[in-house]
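Asker: Please see the structure below; I have some questions.
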């Protein structure tokens, strides 16, 4: 099974986008446990769609890890849960100051349903819904200073994400194409300390994957990400937030011992348009280590290969 | 099955151990009084967007054993002294307009807060 993941964000708090666009490796009674490591680096300021020499933050990076568990309740219905942890989230400023944060990010609970399955045409449609809970740290300090929202590990906001994935397989599943889209809406953060609303987020991805030598899967994804402007405590739109990005993401996955797999992806932004002047992402890469556990070993599941003797 | 459970536990342990943290409570002090902010002064009440021309803000509080805390909705504050009573404030393009920088002075008797208003503009 293919795994697709899209991660690259410069300055948004909370877990980076790590929604698995693929139907994943879980059939009925199959549990998938995966551990992700993600590194993201940002150092280039853009104004509109052009690079600018403007410098405020010199560079910014984060090292993020997440544990995700997904389980196939039925052949068509999958539930998932994810918790993220930032080992380091750092900003270095052009005028000689640095700051760092670490700690738990957000928790994501989600459900995905195979609403349409056409076996002769090998087409599947999967709507999904994810709910983000800001369980992590949102009050980190730099000495006597409360860190701003963009470097806090948790987003501090409840988020609702609705998505749709359409897949079409060719050559007995060796080659597959996917079209996916999702929209994320954040609830306004309204605490004694913070009053802020993240802009809505929209992602549209098109990708193809090819499996060769039985165990290797390569994929290439093109993703458009559109983020609306955030709004401040007066509910006014903040000018230098939000924008449109186009990412190219090559990735590879190796499956071994039938249920284990390791994947790598590199995400590179090939087009950026930002409102005002903003620090933008240079690149991101991630490793994911996964293990499928079959809780219905006596039964043959949709994703289980027949045992060869 | 045993291997499956071990795998699960191992992955959960890796994530949960990373979040361990210790906190200690300061002992009450008989020599302290309820804190009072004597002054909160910014050397510039309007600053250019960017990092080159900050506003230096100083908060002086009485009461003994004062712990200063600074916060702002949008903008960047960095401490300038160990005591935490003086900070520099700047803002990028995200943070134009009026910004309220809050200084809280606290000790074991309580806390008190005051705000300084700084305006960030594009020249």
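Asker: Given the Cα-Cα distance of residue A:98 and residue A:191 and 0.36 nm per residue of separation, how much length would full extension add, in nm? Please report the intermediate quantities before stating the final value.
Answerer: Details: separation 93, 0.36 × 93 = 33.48 nm, distance 2.64 nm.
Answer, rounded to one decimal: 30.8 nm.
Asker: Over all alpha-carbon pairs in segment A:30-303, figure out the percentage whose distance exceeds 27 Å.
Answerer: Numbers: 16336 of 37401 pairs.
So the pairs more than 27 Å apart make up 44 percent of the total in segment A:30-303.
Asker: Select from A:172, A:294, A:195 the residue whose mean-square fluctuation is largest in a Gaussian network model of chain A (Cα-Cα springs shorter than 10 Å).
Answerer: So, out of A:172, A:294, A:195, the one fluctuating most is A:172.
Asker: Give the Rg (one decimal place) followed by the Dmax (whole number) of segment A:38-143, computed from C-alpha coordinates and expressed in Å.
Answerer: 20.0, 62
Asker: Hey, got the Cα dimensions of segment A:178-296 along the principal axes, in Å, largest first?
Answerer: Principal-axis extents of segment A:178-296 (Cα, largest first): 56, 36, 23 Å.
Asker: Per-residue mean of other chain beta-carbon atoms within 10 angstrom of the beta-carbon, peptide B:52-59?
Answerer: Taking all residues of B:52-59 together, the mean is 1.
Asker: Mind jotting down the distance between the C-alpha centroids of segment B:45-123 and segment A:200-262, whole Å?
Answerer: 38
Asker: With N set to the number of residues, divide the alpha-carbon radius of gyration of segment A:203-265 by 2.2 N^0.38 Å and report two decimals. Display every interim value, and only then the final one.
Answerer: Values: Rg = 18.4 Å, N = 63, 2.2 N^0.38 = 10.6 Å.
Compactness ratio reported: 1.73.
Asker: Also: With a point put 7 Å past each Cα toward its Cβ, work out how far residue A:234 is from residue A:295 in nm, to one decimal.
Answerer: 5.3
Asker: Follow-up. Compactness ratio of segment A:114-270: Cα Rg over 2.2 N^0.38 Å, N = residue count?
Answerer: Working it through for segment A:114-270, the quotient is 1.31.
Asker: Nearest 0.05, what FRET efficiency do residue A:168 and residue A:135 give at R0 = 45 Å with Cβ-Cβ as r?
Answerer: Numbers: r = 37 Å, r/R0 = 0.82.
With a Förster radius of 45 Å, E is 0.75.
Asker: Bin width 10 Å, origin at 0, all Cα-Cα pairs of segment B:36-121: what percent of pairs per bin?
Answerer: Going from the shortest bin to the longest, the percentages are 19, 51, 23, 6.
Every number here is computed from the coordinates shown, using simple stated rules; none is lab data. In this text the structure is predicted, and so the values were computed from the model without any measurement. Note that we place each Cβ from the backbone using ideal geometry, even for glycine, and neighbour counts take in every protein chain shown.
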